[in-house]
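Visitor: Here it is, the structure, as structure tokens.
Please treat every number below as a calculation from the coordinates, not as lab data. Model, not experiment: these values are computed from the prediction. Backbone-built Cβ (ideal geometry, glycine too); neighbour counts: all protein chains shown.
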Amino acid sequence: MSHQGVSAMTSPGTPAALGPAPAAGRGEDPVLEIRGLCVDYGFGDDAVHAVADCDLTLGRGRVLGLAGESGSGKSTLAMAAIRLLRSPGVITGGEVLFHSRRTPAGEPATALDLLAAGEKELRAVRWSEIAIVLQSALNALNPVSTIGAQFDELLATHRPELGRAARRDRAGDLLELVGMTADRLRSYPHEMSGGMRQRSMIAMALALDPQVMILDEPTTALDVVTQREILEELMGLRDRLGFAALFITHDLSLLVEFADDIAVMYAGRLMERAPAASLFRAPRLPYTHGLLHCFPPMHGERYRMEGIPGSPPDLRDLPPGCAFHPRCQWAMPQCGQDVPRLEPLAGSPREVACWLHRGNAIAPPELTLPDPVVTRPRIAPVIDTSAGRAV
Amino acid sequence: MNTLAVVPNIGTETPVLEGRGLTKSFWVKRSSGLLARRSRLHAVDDVSVQLMAGAVTAVVGESGSGKTTVARLLARIVKPDAGAVLLDGQPVAAARSRSFAAQVQMVFQDPFASLNPVHRVRHHLSRPLQIHHTSDGDVDGAVIQLLHRVALDPPANFADKFPHELSGGQRQRVAIARALAVRPRVLLADEPVSMLDVSIRLGVLNLLADLRDRERLAILYVTHDIASARYLADTIVVMYAGQLVEAAPSVSLTDSPAHPYTQLLLSAAPDPERLERPILSARGAPPSLLAPPSGCRFHPRCPHVMEICKRMAPPTVTVSTSHAAACWLHVDSANGVVDGVGVTPATSPSPQREAEVQRPP
């Protein structure tokens, strides 16, 4: 991830028109649109602004990575967007539009504002249209009933037309979809490895064929080999089933490999959003630039890397202006006064919240690298053992 | 006896701390009640590591591979069933003495759990100074100096803080300062950065590197993150299912891994620089250590598995200078090893291994 590596991979002087395809999102068939979302923990003057004024659009069938450090508000943002936020979290503003592809016959497609929706409308959307995979599968699964019983309950509730045998068959098919065998339906969660528990969580999330999957650190507790197996399977399923995914993780290097677009959060705000390859090869935000230099490379010369000086800020006591400015090597006087908004960058599919890219400011060369020409091809077909197991 | 002691030969210097043939198993209950059946879990099997002054040795492995147990065995927190711990080439007495603790210190994974929340930083640092009499009479001055050594500046500001007032990275620095208080020569760091935010991990790794370079500390760095091991360590040893499978200088190990398991680990690690998505050469999970597979413990997952792998534990083979791997694939290329082990197609399984595998619970 050295500068040498970055510049070697991009050819300077490439016309901007040859850049990557525009990011899905604005005006391009969005499935989930988050606008101006604000979330506080607590009330009144003591409230902590965990998510401040966030705009994020998830395109249909896309994988949007949401990266950030712990406490940056990435999980809070997702939980609030699908109304799963727990007390003392309070949604104080914004709207979240869900554009369903499935509408009752004869009715025009309308967007549902999840933040304004009542319990009944939410119930119709949750799990069947928007499903979630949580980090800790051991806590998310019921420890006292078998996997089969948990599938049965889910399908009996949401698919009442299915009989008992049909439900069991469907559950077996779902497990096979994620690379497990149907006999695992008789297992209790504690009898399975962490990877298998996470796989059954994914199978359950897929049970009702959702249009959106929220993946909240789905592989953080797993070993690298299992992590890659599961992510490969998830992306293969995405290609076949066409769901969109919001993939939340602290591991930016993982997102560069698996996401189409990446949004970076810091101290409750979205700071940069770009196609994955552009964000990795040519970040525009000082924080992203620093974060990318926090992952030691696996190849080449070893050299001392410095990470980002200082620590992430305390949300109860945020610095004025841009929350990153005390740690930013390119901070200007303005950064300590005004909060930059996430705005599109002229001539590219990116959005960035940084004063260095506004007005007359001159961004340092590190933050103005040309966009990469060759973007990573969309997920290659899986040609290994997992293909044999797929339905 | 199989020789799974993968030890890179780093000159002729005596290692500061050395584990030789460390073996440890734990008894675990397999059912509940008075007559519960208990089984032996083979956590660490015949592992040898050498920690040299002024060098970082990384132990890399997945969860359950026994890497933390190795660190605890070296720290004498856990007693080995077999094998020895040597300090400066001398066997260490069975009891964990104060003089041993003054030379070998541990840094734990979770700085939120390893510091007492009701005590200030000053207390955490002054207790070891007082107990081990390492402050030369000036405890306060020594505390300030310790904080300075771990780059908590200005030290006076940090001495009177409680752990909850510090960030994760600062807490881990305090934990490292506490370990340094007794002037140890060996630091055993068990996943010291995995609980920390990504942006501050490098700071703590750089601190360990500075302690190695400035103070010639011998450091054991236990981690599951092979990229950070490559960054920090001089030598990497890879563990799988309680055994060492490969050991080499870190760049040599990551650039040309010799053992199929190391190759699998490297292909699975996130690497954005990679242009093509890797194809995992093996799948599945590590075996249960209650009944480890016969022969090479990796053979059920190995893409290159041969008949011999299922029957006999592989010998340690030197694949290049200071680069050793425990794998049958490399036996042909290494001179003398085949004869030394006496491998012929008709070889029966080693009696020792058989006994170990079939030991009744």
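Visitor: I want to check the label-to-label distance for A:Arg316 and A:Thr92. Put each point 7 Å from Cα in the C-beta direction and report it in nm to one decimal.
Guide: 1.6
Visitor: If contacts are Cα pairs under 8 angstrom and at least 6 residues apart, what is the relative contact order of chain B in percent?
Guide: Values: 709 pairs, mean separation 76.3, N = 361.
Value for chain B: 21 percent.
Visitor: Something else now. Within 10 Å of each Cβ in B:198-208, how many Cβ atoms from other chains are there, averaged over the peptide? Present the calculation step by step, with values, prior to reporting the outcome.
Guide: On the way: counts 15, 15, 8, 4, 9, 7, 1, 4, 4, 0, 0.
Going residue by residue through B:198-208 and averaging, the value is 6.
Visitor: Right, another one. In the protein assembly as shown, with Lys and Arg counted as +1 and Asp and Glu as -1 at Cβ, which of these residues, B:Pro314, A:Phe295, A:Val90, has the Cα nearest the positive end of the dipole, that is, farthest along it?
Guide: B:Pro314
Visitor: I would also like to ask the following. Report the residues of the stretch B:219-263 in range of a label on B:His304: point 7 Å along Cα→C-beta, backbone N strictly under 11 Å from it.
Guide: The answer is B:257-263, whose backbone nitrogens lie closer than 11 Å to the label point.
Visitor: Towards the positive end of the charge dipole of the protein assembly as shown, with charges on Cβ (+1 Lys, Arg; -1 Asp, Glu), say which of B:Phe108, A:Leu241, A:Pro286 has the farthest Cα.
Guide: Farthest towards the positive end: B:Phe108.
Visitor: Same structure, new question: Suppose only helical runs count, i.e. DSSP H with n ≥ 4. What mean residue ellipticity at 222 nm does that imply for chain B under -39500 (n - 2.57) per run, divided by all residues and rounded to the nearest 500 deg cm²/dmol? Kindly include the intermediate steps, with their values, before the conclusion.
Guide: Details: 13 runs with 109 residues, N = 361.
Only helices count here, giving -8500 deg cm²/dmol.
Visitor: According to the square roots a ≥ b ≥ c of the eigenvalues of the Cα gyration tensor, what is the shape class of the protein assembly as shown, taking rounded for a/c under 1.5, prolate for a/b larger than b/c otherwise, and oblate for the remainder?
Guide: Numbers: a/c = 1.67, a/b = 1.24, b/c = 1.34.
In terms of gyration-tensor shape, oblate.
Visitor: If you don't mind, another one. Quick one: which residues, 5+ away or cross-chain, put their amide H under 5 Å from the amide H of B:Ser256? H built at 1.01 Å from N.
Guide: Close amide H contacts, sequence-distant or interchain: none at all.
Visitor: Let me ask something else about it. Residue by residue through the stretch B:238-244, which ³J(HN,Hα) values in whole Hz follow from phi under the Karplus form 6.51 cos²θ - 1.76 cosθ + 1.60 (θ = phi - 60°), with glycine and proline marked x?
Guide: Each residue's phi maps through the Karplus curve to give 10, 10, 9, 6, x, 10, 7 Hz.
Visitor: Right, another one. For the residues A:Glu191, A:Glu161, what sequence is obtained by ranking on other C-beta atoms within 10 Å, fewest first?
Guide: Details: A:Glu191 12, A:Glu161 5.
If I rank by nearby Cβ atoms, fewest first, I get A:Glu161, A:Glu191.
Visitor: Determine the gain in length on full extension of the stretch B:Ala113-B:Ser256; use 0.36 nm per residue of separation and subtract their C-alpha separation, reporting nm with one decimal. Kindly include the intermediate steps, with their values, before the conclusion.
Guide: Numbers: separation 143, 0.36 × 143 = 51.48 nm, distance 3.79 nm.
Here the answer is 47.7 nm.
Visitor: Which three numbers, in whole Å and largest first, are the semi-axes of the equivalent ellipsoid of the stretch B:62-135 derived from its Cα gyration tensor as √(5λ)?
Guide: 26, 19, 8
Visitor: Sticking with this one: How much net charge surrounds A:Pro88 when only other residues with a Cβ under 15 Å from its Cβ are counted (Lys, Arg +1; Asp, Glu -1)?
Guide: Details: positive: A:Arg86, A:Arg316; negative: A:Asp40, A:Asp45, A:Asp46.
Result for the local shell: -1.
Visitor: Now, a different point. Under the definition of partner shielding as Cβ atoms of other protein chains within 10 Å of a residue Cβ, what is the mean value for peptide A:216-225?
Guide: Working: counts 0, 0, 0, 0, 0, 1, 3, 10, 11, 14.
Mean inter-chain Cβ contacts per residue within 10 Å come to 4.
Visitor: Continuing with this model, one more query. Over chain A, calculate the relative contact order: mean separation of alpha carbon pairs under 8 Å at least 6 apart, over the residue count, as a percent.
Guide: Working: 705 pairs, mean separation 86.3, N = 391.
It rounds to 22 percent for chain A.
Visitor: Measuring from centroid to centroid over Cα atoms, what is the spacing of the stretch A:146-163 and the stretch B:249-270 in Å?
Guide: 44
Visitor: A further question on this structure: Only Lys, Arg, Asp and Glu count, each charged at its Cβ (+1, +1, -1, -1), so figure out the dipole size of the protein assembly as shown about its Cα centre, rounded to 20 debye. Walk me through the numbers before you get to the answer.
Guide: Numbers: 75 positive and 78 negative charges, 372 e Å.
Computed charge dipole of the protein assembly as shown: roughly 1780 debye.
Visitor: Of the candidates A:Asp261, A:Asp183, A:Asp173, which one comes out as most mobile in a Gaussian network treatment of chain A with C-alpha springs shorter than 10 Å?
Guide: Largest GNM mean-square fluctuation: A:Asp183.
Visitor: If the viscosity is 1.002 mPa s and the temperature 20 °C, what translational diffusion coefficient in µm²/s does Stokes-Einstein give for chain A when Rh comes from Kirkwood over Cα pairs?
Guide: 96
Visitor: Follow-up question, since we're still on this one. Please report the relative contact order for the stretch B:112-183, taking Cα pairs under 8 Å with a sequence separation of at least 6, and give it as a percent rounded to a whole number.
Guide: 45
Visitor: Sticking with this one: About its Cα centre, what dipole magnitude does chain B give when the only charges are +1 on Lys and Arg Cβ and -1 on Asp and Glu Cβ, stated in debye to the nearest 20? Don't skip to the answer; put the middle values down first.
Guide: Numbers: 37 positive and 32 negative charges, 274 e Å.
Magnitude of the dipole: close to 1320 debye.
Visitor: A follow-up question, please. Can you tell me the FRET efficiency between A:Thr110 and B:Asp136 if r is taken as the Cβ-Cβ distance and R0 is 60 Å, rounded to the nearest 0.05?
Guide: About 0.20, to the nearest 0.05.
Visitor: OK, next. By counting other Cβ atoms within 10 Å of each Cβ, how are B:Lys79, B:Lys24 ranked from fewest to most? Don't skip to the answer; put the middle values down first.
Guide: Details: B:Lys79 12, B:Lys24 22.
Final ranking by Cβ density, sparse to dense: B:Lys79, B:Lys24.
Visitor: Can I ask one more? Could you tell me which residue out of B:Leu187, B:Ser99, B:Leu152 lies farthest along the dipole of chain B toward its positive end? Charges go on the beta carbon: Lys and Arg +1, Asp and Glu -1, centred on the Cα centre.
Guide: B:Ser99
Visitor: What share of all Cα pairs of the stretch B:59-198, in percent, falls into each consecutive 5 Å distance bin?
Guide: Bins of 5 Å from zero give 2, 10, 18, 20, 19, 14, 10, 5, 1, 0 percent of pairs.
Visitor: Can you tell me the order of A:127-135, A:275-283, B:131-139 when each peptide is scored by its average per-residue count of other Cβ atoms within 10 angstrom, highest first? Write out the running numbers ahead of the final one.
Guide: Details: A:127-135: 20.9, A:275-283: 24.8, B:131-139: 13.0.
My ranking of the peptides, most packed first, is A:275-283, A:127-135, B:131-139.
Visitor: How long is the gain from B:Lys79 to B:Phe26 if the chain were fully straight, where each residue apart is worth 0.36 nm and the alpha carbon distance is subtracted?
Guide: Values: separation 53, 0.36 × 53 = 19.08 nm, distance 1.08 nm.
Stretched out fully, the B:Lys79 to B:Phe26 stretch lengthens by 18.0 nm.
Visitor: Turning to a different aspect of this structure: Each residue of the stretch A:81-93 in turn: what ³J(HN,Hα) in whole Hz from Karplus with 6.51, -1.76, 1.60 and θ = phi - 60°, glycine and Pro shown as x?
Guide: Result, ordered by residue: 4, 9, 6, 10, 5, 9, 4, x, x, 10, 7, 9, x Hz.
Visitor: If you don't mind, there's one more thing I want to ask. Evaluate peptide A:257-267: per residue, the Cβ atoms of other protein chains within 10 Å of its Cβ; return the mean as an integer.
Guide: Values: counts 7, 2, 0, 0, 0, 0, 0, 0, 0, 1, 0.
Average per residue, whole number: 1.
Visitor: What's the magnitude of the charge dipole for chain A around its Cα centre, counting Lys and Arg as +1 and Asp and Glu as -1 at the beta-carbon? Answer in Debye, nearest 20.
Guide: On the way: 38 positive and 46 negative charges, 99 e Å.
The calculated dipole for chain A is roughly 480 debye.
Visitor: Oh, and also: Neighbouring Cβ atoms within 10 Å as the yardstick, rank A:Tyr303, A:Tyr287, A:Tyr41 fewest first. Walk me through the intermediate numbers first.
Guide: On the way: A:Tyr303 9, A:Tyr287 25, A:Tyr41 20.
Ascending Cβ contact count within 10 Å gives the list A:Tyr303, A:Tyr41, A:Tyr287.
Visitor: When N is the residue count of the stretch B:112-183, what does its C-alpha Rg come to as a fraction of 2.2 N^0.38 Å? Walk me through the numbers on the way to the answer.
Guide: Working: Rg = 10.8 Å, N = 72, 2.2 N^0.38 = 11.2 Å.
Its radius of gyration relative to the 2.2 N^0.38 Å reference: 0.97.
Visitor: Here is a follow-up. Quick check: pseudo-label points 7 Å beyond the Cα along Cα→Cβ at B:Ala36 and B:Arg216, how many nm apart are they?
Guide: 4.9
Visitor: How much length is gained on full extension from A:Glu301 to A:Ala117, taking 0.36 nm per residue of separation minus their Cα-Cα distance?
Guide: Working: separation 184, 0.36 × 184 = 66.24 nm, distance 5.47 nm.
Value of the extension gain: 60.8 nm.
Visitor: Going by alpha carbons, how many degrees (0 to 90, nearest 10) lie between the helix axis of A:164-177 and the longest principal axis of chain A?
Guide: For A:164-177 against chain A, the angle is about 30 degrees.
Visitor: Right, next: With labels modelled as points extended 7 Å from the Cα through the Cβ direction, what inter-label distance (nm, one decimal) is found for A:Thr181 paired with A:Val144?
Guide: About 3.0 nm separates the two model spin labels.
Visitor: Whole angstrom only: what separates the Cα centroid of the stretch B:96-118 from the Cα centroid of the stretch A:175-210?
Guide: For the stretch B:96-118 versus the stretch A:175-210, the Cα centre distance is 40 Å.
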